[in-house]
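**Student:** Okay, here's the structure, questions in a sec.
Only the coordinates and a few stated rules stand behind these numbers; no lab work does. Note that the coordinates shown come from a computational prediction; the quantities given were computed from them, not determined experimentally. Note that we place each Cβ from the backbone using ideal geometry, even for glycine, and neighbour counts take in every protein chain shown.
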């Protein structure tokens, strides 16, 4: 899969770790985040870059990292076709894929430990979308997006 990763200044260190993990899992990485953690930046710029690539079909999935994960998630979900989920444990990571077919994973750089982040990323990539009744709900969301763009 083609994976884009984006981060603000607070997510720089976590990004480096995730890039290594995702490459080890056999995915193609595209780094769309800030190049260092020294200069304060505006997270929406990076969220929109990744979200546009995912929503436009150039990238299969995205990962976004900021201090809490919340700001990135809010920004990414403004882009049509994006289903970003701010996950904070293994259950939310799994269910975001299983029931919501999340295509962007948003993570906190400040509130999650390294081991948990690694496990969440692995679960998020390993979990398949169940479709069925869940697909009907995603279709409703997509229809609303198109009608209210």
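**Student:** Hey, can you tell me all the residues within the stretch 29-43 that are part of a loop (DSSP other than H, G, I, E, B) and over 13 Å from residue 67 (Cα atoms)?
**Tutor:** Residues of the stretch 29-43 that are part of a loop (DSSP other than H, G, I, E, B), as a first pass: 32-42.
32, 33, 34, 35, 36, 38, 39 - these are the residues of the stretch 29-43 that are part of a loop (DSSP other than H, G, I, E, B) and over 13 Å from residue 67 (Cα atoms).
**Student:** So, of the residues in the stretch 9-28 that are in a loop (DSSP other than H, G, I, E, B) and in contact (Cβ under 8 Å) with a residue 60 or more places away in the chain, which turns out to be surrounded by the fewest Cβ atoms within 10 Å (Cβ to Cβ)?
**Tutor:** Step one: filter the stretch 9-28 for residues in a loop (DSSP other than H, G, I, E, B), giving 25-27.
From what's left, in contact (Cβ under 8 Å) with a residue 60 or more places away in the chain: 25, 27.
On the way: 25: 13, 27: 16.
Result: 25.
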